[in-house]
1. List the extent of the Cα atoms of the stretch A:4-193 along each of their three principal axes, largest first, rounded to whole Å.
2. So, R0 is 56 Å and r is the distance between the beta-carbons of B:Arg169 and A:Leu194; what FRET efficiency does that work out to, to 0.05?
3. Evaluated at 25 °C with a viscosity of 0.890 mPa s, what Stokes-Einstein diffusion coefficient in µm²/s does the stretch B:7-123 have when Rh comes from the Kirkwood expression over alpha-carbon pairs?
4. At a Förster distance of 30 Å, what's the computed FRET efficiency of B:Ala99 paired with B:Asp55, Cβ-Cβ distance as r, to 0.05?
5. Counting only DSSP beta bridges with both residues in the protein assembly as shown, what percent are antiparallel, rounded to the nearest 5?
6. What share of the DSSP beta bridges in the stretch A:4-193 is antiparallel, in percent to the nearest 5?
7. As a test of the definition: which semi-axes, in Å, follow for chain B when you take the square root of five times each eigenvalue of its alpha carbon gyration tensor? Largest first, please.
8. Threshold 10 Å², probe 1.4 Å: give the residues of the stretch A:53-72, in number order, that are less accessible with all protein chains present than with their chain alone.
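The values are calculated or read from the model by the stated rules, or taken from the named source; none is laboratory data. All figures in this text were calculated on a predicted structure; none of them were measured in a lab. Here the Cβ is made from the backbone with ideal geometry for all residues, glycine too, and neighbour counts use every protein chain on show. Ligands, DNA and RNA are excluded from the accessible area calculation, which covers all protein heavy atoms including side chains. Shrake-Rupley method; radii C 1.70, N 1.55, O 1.52, S 1.80 Å.
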Amino acid sequence: MGVRVGVLSLQGDVGEHVLAFERALAASSTGGRSPSVVPVRHAEQIPDLDALAIPGGESTTLSRLIERNGMYRPLAEFDGGVFATCAGMVLVATGAGDPRVRTLGLVEMRVERNAFGRQAESHEACLDVAGLAEPFRAVFIRAPVALDIGPGVEVLARVPRGIVAVREGRHMAFAFHPELAGDLRLHRLFLENLGV
Amino acid sequence: MKLEELRFGTELLKRGFASMQKGGVIMDVVNAEQARIAEEAGAVAVMALERVPADIRKVGGVARMADPERIVEIIDAVSIPVMAKCRIGHFVEAQVLEALGVDMIDESEVLTPADEQFHVDKTLFKVPFVCGARDLGEALRRIDEGAAMIRTKGEAGTGNVVEAVRHMRAIMGGIRALKGLSTQELIDRAREIGAPAELVVECARLGRLPVVNFSAGGIATPADAALMMQLGADGVFVGSGIFKSANPAGMARAIVEAVNHYDEPQFIAGVSRGLGEAMKGIDVHTLREEEVLQYRGR
């Protein structure tokens with residue numbers, strides 16, 4: 001049986017995440033039908049998934065839509081793996097120091113929103129990521145960073161401003177956007193970590 | 001990470017920023033209080049203005065970039081991105097907006113054009129631009145100049161969705177009509193619609209614009225917003241429709257939710273109940289030609 005991957009489809013770059021996971025899964029499947037990636041629009045879909053991507057977007061908007069769609073509890077209790085990017089990284093944290101965002105507490109870390117500044121400070125960087133042989137083209141868009149992490153959290157990448165990629169158990173969170181880079185190595189790393 | 005390898009203002013960063021807005025509602029605001037209401041309602045960004053388009057129509061005269069004081073006040077009030085408008089072709093207003101820290105610039109026909117020949121060369125800026133378009137050719141001309149996001153022009157400040165519908169249908173229909181054409185035919189079509197051939201070929205290959213495509217200009221209710229989403233918009237701008245309605249906070253929230261559930265009529269029915277009156281609106285056929293904003297910029 002294939003792995004069931006969903007992409008939280010409330011707001012943000014959902015299509016890019018779906019496409020990246022479809023490609024990553026197609027590459028990892030050995031013949032036969034490659035498993036499909038489902039957009040997740042309803043709370044009932046969440047418990048059936050093995051993995052869930054929480055895309056980039058606006059964390060305040062996503063936080064409200066999670067609440068209004070009754071998704072807070074199913075997400076906070078999700079026991080599959082979460083692949084979170086940018087706003088997603090803010091949401092999976094234990095705290096963002098901002099009452100406008102209610103974090104899910106899936107990864108033990110405190111994050112700072114828009115840590116690099118406004119859009120003019122958005123940038124691309126060649127980033128060394130633990131587990132990858134070659135640097136990754138990291139696309140930071142009004143990105144957050146993690147400031148403190150729990151003892152069970154492994155740092156995968158760091159820049160002078162703070163921590164920008166982490167793993168805790170099945171979950172991975174990135175301050176940048178692997179789904180925009182046209183490079184699936186971090187998706188593969190995530191799937192391997194789930195045993196796919 | 002080596003510092004010298006950082007790259008700012010790339011095409012990927014500009015288009016990526018626009019992608020993060022997808023499925024969202026961008027709301028016009030004129031002060032910090034309205035900006036906070038918009039953010040609380042779930043807006044993905046706010047557009048900082050001196051006046052909403054309905055008031056620009058009323059006041060008349062030359063409509064320019066907003067007072068920087070006002071823009072800074074709004075930037076300081078919210079954590080979501082702040083956009084602001086410059087006049088078509090007014091690259092110095094655009095430079096000023098970039099210097100103020102605006103996250104995206106709308107080169108907008110809602111303001112009085114500063115140049116009747118040229119739009120701003122948007123490739124010279126680090127921050128991304130959004131531009132209005134009425135059809136596929138216009139959208140691709142703006143993308144060719146460096147726009148990272150397209151929105152329908154619609155007819156701003158009227159509360160009448162008819163022009164936004166016309167423009168969205170023209171853009172989507174224009175793309176559908178490319179299907180099945182040979183390269184030679186695509187190049188011929190590019191000439192016909194006054195767009196660069198390589199962008200027409202790219203559209204045909206992708207089956208959509210190469211950048212995010214929002215709808216704007218006349219959206220006044222949750223159902224209007226859902227209509228534009230069902231017609232293929234990636235998200236919506238709401239100008240006068242929120243703060244000219246009887247219940248701005250309720251209307252803002254309802255439009256955010258209607259965009260989120262744009263293909264679920266039961267849900268749209270639910271959020272539309274008891275919202276009070278939407279903005280009054282104007283029949284676009286009663287506008288004199290010089291009052292029609294969408295004809296500005298080609």
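1. The Cα atoms of the stretch A:4-193 stretch 45, 41, 33 Å along the principal axes, largest first.
2. Working: r = 43 Å, r/R0 = 0.78.
With a Förster radius of 56 Å, E is 0.80.
3. Roughly 168 µm²/s, to the nearest whole number.
4. Using R0 = 30 Å, I get an efficiency of 0.70.
5. On the way: 21 of 62 bridges.
For the protein assembly as shown, the DSSP antiparallel bridge percentage is about 35.
6. Around 55 percent of the beta bridges assigned by DSSP in the stretch A:4-193 are antiparallel ones.
7. Values: eigenvalues 151, 109, 78 Å².
Taking √(5λ) for each Cα gyration eigenvalue gives 27, 23, 20 Å.
8. A:Gly57, A:Glu58, A:Thr60, A:Thr61, A:Arg64, A:Leu65, A:Arg68, A:Asn69
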